[in-house]
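First the structure, in the form of structure tokens, and then the observations on it.
Read-outs: derived from the displayed coordinates by stated rules, not from any lab. Since we're looking at a predicted model, the values are computed, not measured. Here the Cβ is made from the backbone with ideal geometry for all residues, glycine too, and neighbour counts use every protein chain on show.
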Amino acid sequence: QVHLVESGGGLVQTGGSLRLSCAASGNIFSINSMGWYRQAPGKQRELVASIASSGTTNYAPSVKGRFTISRDNAKNTVYLEMNSLKPEDTAVYYCHYSSRYGDAYWGQGTQVTVSS
């Protein structure tokens, strides 16, 4: 079992910045990747960014160049630095963990609201 705790969401104006954190605990010794997804009202959940155990990162085209995913292995924490935020970035952001054995876990979600 893996437990994910997110923090860092909030309300910010267009052009502002936020940093999300996701701390993982539990059976995290078989990690495959961690990442961030988001879901806006009336829309499907979509991948925002991910980072593999190798360190390889992947970004949605809509956030590339504005968002940066990183991790601190010593703290078992993944971060999402979000800059130049736009109203269309407004969503609930979810942390995701996948293991090499196919297990997947989600955080509880954190709201990000960008005002115009």
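Worth pointing out:
- In sequence order, calculated HN-Hα J values of region 50-65 (Karplus, 6.51, -1.76, 1.60; Hz; x Gly/Pro): 9, 9, 7, 4, 6, x, 5, 10, 9, 10, 5, x, 6, 10, 4, x
- Hydrodynamic radius of region 1-63 per Kirkwood, over alpha carbon pairs, in Å: 13.7
- Here the spin labels are modelled as points 7 Å beyond Cα on the Cα-Cβ line, and at TRP106 and SER70 they lie 2.8 nm apart.
- Between the amide H of GLY109 and those of GLU6, CYS95, distances stay under 5 Å, these residues lying 5 or more places away or on another chain, with hydrogens modeled in the peptide plane.
- Cα centroid of region 46-108 to Cα centroid of region 4-40, whole Å: 6
- Annotation: for a label point projected 7 angstrom from Cα along Cα→Cβ of ILE28, residues of region 68-101 with backbone N closer than 14 Å are 70-80, 95-99.
- 10 Å binning of all Cα-Cα separations within the chain, expressed as whole percents from 0 upward: 15, 50, 29, 6, 0
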